[in-house]
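Only one structure is covered here, and it is reproduced in the block below.
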Amino acid sequence: MQCSWCQKEIIRNLTLKEILWPFLIKERRCENCQQRLTVIKQPCCSTCCKPGLQDPCEDCLKWKERYPTYDFCHQALFDYDEAFKEWIHQYKFRGDYRLRSTFVPEIKNFFKGKEEDIICCIPVSKKRFEQRGFNQVEAIFVAANIKTVPLLSKIDDKDEIPQSQKNKIERLKTPQTFFATKWASEIKDKKVWIVDDVYTTGRTMFYAAQALISYNPKQIRTFSLAR
């Protein structure tokens, strides 16, 4: 069995159940990779999971002023620290498709019991998809065998600059790039989850939610692997 991050062999004793039913062997990380990750813990903002003592944080207070009627609430699993940045660089920017399985156990656990909710991955532009060969968020959910619905599409911009190359001010000034697809007509009175790999300023998530709010979902919640 290989580590779902570093791909090194994991040597351990299998349980009797795993020997009899190999399909029970779950994707997992080796001890070294596991220890490198930092799980988000208190104290953090209860609205967006930003580490710190202020609750709600300054960023969320500003978003509330801009979107006063939107019941925003974001949840994330890991700190966006150097270890996670290394993982996202290898997976997203170097195109190591094997890493789509790294967080399958956490994804499955988080969305357990939410089968009636509609899950929408943040889309990538056609240009970015052609360059990378896959949508990094969709690939994670495919690996976890969790259904997603393409509620959003992204406007193609030939001069698009990746969010990762922008500073905070530039990210916040990014114009609306999402529009709802035909599938959005199905979300009325349904709970919707908008999911992404990383939450930084929140600009992406708020634009995504803005594109769907007029379709009258029961509730919109957002989720990312890291914050």
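The values are calculated or read from the model by the stated rules, or taken from the named source; none is laboratory data. Quick caveat: nothing in here was measured; it's all calculated off a predicted structure. Because the Cβ atoms are built from the backbone with ideal geometry, glycine has one as well, and the counts that use them run over all protein chains shown. These accessible areas exclude ligands, DNA and RNA; they are computed on the full protein's heavy atoms, side chains included. Shrake-Rupley method; radii C 1.70, N 1.55, O 1.52, S 1.80 Å.
Please list, in chain and number order, the residues 5+ apart from residue 220 or on another chain whose amide H is under 5 Å from its amide H, with Hs placed from the backbone.
The list, which skips near neighbours in sequence, is 192.
Under 5 Å between amide hydrogens, which residues at least 5 positions from residue 44 or on another chain qualify, with H placed 1.01 Å from N in the peptide plane?
Counting only residues 5 or more places away or on other chains, the set is 52.
At a Förster distance of 30 Å, what's the computed FRET efficiency of residue 40 paired with residue 185, Cβ-Cβ distance as r, to 0.05?
Values: r = 35 Å, r/R0 = 1.15.
Rounded to the nearest 0.05, the efficiency is 0.30.
Leaving out ligands, DNA and RNA, what percent of the accessible area of the chain is carbon and sulfur, probe 1.4 Å?
Numbers: 6740 of 13190 Å².
Taking all protein chains in place, the chain shows 51 percent carbon and sulfur surface.
Once phi is turned into θ = phi - 60°, what whole-Hz ³J(HN,Hα) does the Karplus curve with 6.51, -1.76 and 1.60 give for every residue of the range 35-43, x standing for Gly and Pro?
6, 6, 7, 10, 6, 5, 10, 6, x
For residue 2, what residues show an amide H to amide H distance below 5 Å, using hydrogens built from the backbone and excluding near sequence neighbours?
Under 5 Å from the amide H of residue 2: 10.
Could you give the length gained by full extension between residue 10 and residue 69, i.e. 0.36 nm per residue of separation minus their alpha carbon distance, to one decimal place? Walk me through the intermediate numbers first.
Values: separation 59, 0.36 × 59 = 21.24 nm, distance 4.90 nm.
Computed gain between residue 10 and residue 69 is 16.3 nm.
Using R₀ = 25 Å, calculate the FRET efficiency as 1/(1 + (r/R₀)^6) where r is the Cβ-Cβ separation of residue 96 and residue 161; round to 0.05. Display every interim value, and only then the final one.
Working: r = 23 Å, r/R0 = 0.92.
The calculated FRET efficiency here is 0.60.
Can you show me the helix-derived [θ] at 222 nm for the chain, built from DSSP H runs with n ≥ 4 at -39,500 (n - 2.57) apiece and divided by the number of residues, rounded to the nearest 500.
Details: 9 runs with 65 residues, N = 227.
Roughly -7500 deg cm²/dmol at 222 nm, from the helical runs in the chain.
Could you give the length gained by full extension between residue 126 and residue 86, i.e. 0.36 nm per residue of separation minus their alpha carbon distance, to one decimal place? Write out the running numbers ahead of the final one.
Values: separation 40, 0.36 × 40 = 14.40 nm, distance 2.50 nm.
Full extension of this stretch gives 11.9 nm more.
In whole Å, what is the distance between the alpha-carbon centres of the range 161-203 and the range 77-142?
15 Å
Ordering 221, 36 by how much accessible area each has at a 1.4 Å probe, largest first, what is the list? Write out the running numbers ahead of the final one.
Numbers: 221 30, 36 80 Å².
Largest accessible area first, the residues go 36, 221.
Looking at the chain, what % of its DSSP beta bridges pair antiparallel, to the nearest 5?
On the way: 7 of 22 bridges.
Antiparallel bridges: around 30 percent, rounded to the nearest 5.
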